[in-house]
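Here's the structure we're looking at; comments come further down.
The values are calculated or read from the model by the stated rules, or taken from the named source; none is laboratory data. Here the structure is a predicted model, which means the values were calculated and not measured. Cβ: placed from backbone, ideal geometry, glycine included. Neighbour counts: every protein chain shown. Only protein heavy atoms, including side chains, enter the accessible area calculation; ligands, DNA and RNA are left aside. Shrake-Rupley method; radii C 1.70, N 1.55, O 1.52, S 1.80 Å.
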Amino acid sequence: QANFNERHQMTRAWLMFDVMGLMHQLQQAQRGPNMVTEVPIVPNTIQMARAAIQSETATVITRKAPGFPIVHVNDSWVRLCGYSLEEVKGNTLGMLQGPETDASEVDCFMRQVRNDEPSAMTVINYKKSGERFTNFVRAYPLSSDDSGSVTHMLAVLRELKLQ
């Protein structure tokens, strides 16, 4: 959309574009020798997160309510953690914690999440089988409408293979 003056010169312009589409194009364009292979595409609405849930990356959507109960996990999350959606729905990600989970790291992470801020941590978690794994977790606030009010959180998990 644009405004023009009487001499047909543009005086103001508004641009609207598909941010997710742009990020996808950037990700595709950067592939090649010596290029970074990952540009995270982070949805900011619950609708975008649900559309992107089929990702190869382990993702979980929680409701913004005390404890942040799990609403949805994708197949990659199920393969990583070993729990089915039916087993985790309504529970919290605390079910992945165990004896070597750093409580102070989790507290710092959750403080940011409760303030509707993106957050990240590297922490020891445990799969359903009891197997310990190093988990790099990123959390992002999601809104469910045009108001921008945070209603959910998206967590992206990645198992780190440390030498």
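Here residue 161 is the anchor, and the lysines within straight C-alpha reach of less than 19 Å, apart from those fewer than 8 places off in the same chain, are 127, 128.
Tally up the carbon and sulfur contribution to the accessible surface of the stretch 70-163 as a whole percent, 1.4 Å probe, everything protein left in place. Solvent-exposed carbon and sulfur of the stretch 70-163 make up 49 percent of the total. The orientation-averaged projected area of the convex hull spanned by the Cα atoms of the stretch 58-163 comes to 6.7 nm². Highest mean first, the peptides 55-68, 120-133 sorted by other C-beta atoms within 10 Å per residue fall in the order 55-68, 120-133. For residue 86 and residue 161, the difference between the fully extended length at 0.36 nm per residue and the C-alpha to C-alpha distance is 24.2 nm.
When +1 charges are put on Lys and Arg Cβ atoms and -1 charges on Asp and Glu Cβ atoms, the dipole computed for the stretch 74-134 relative to its Cα centre reaches about 140 debye. Remark on the stretch 115-163: hydrodynamic radius 12.4 angstrom, per the Kirkwood mean of 1/r across alpha carbon pairs.
Calculated accessible area for the stretch 72-158 comes out at 50 Å² per residue, all protein chains present (probe 1.4 Å; ligands, DNA, RNA ignored).
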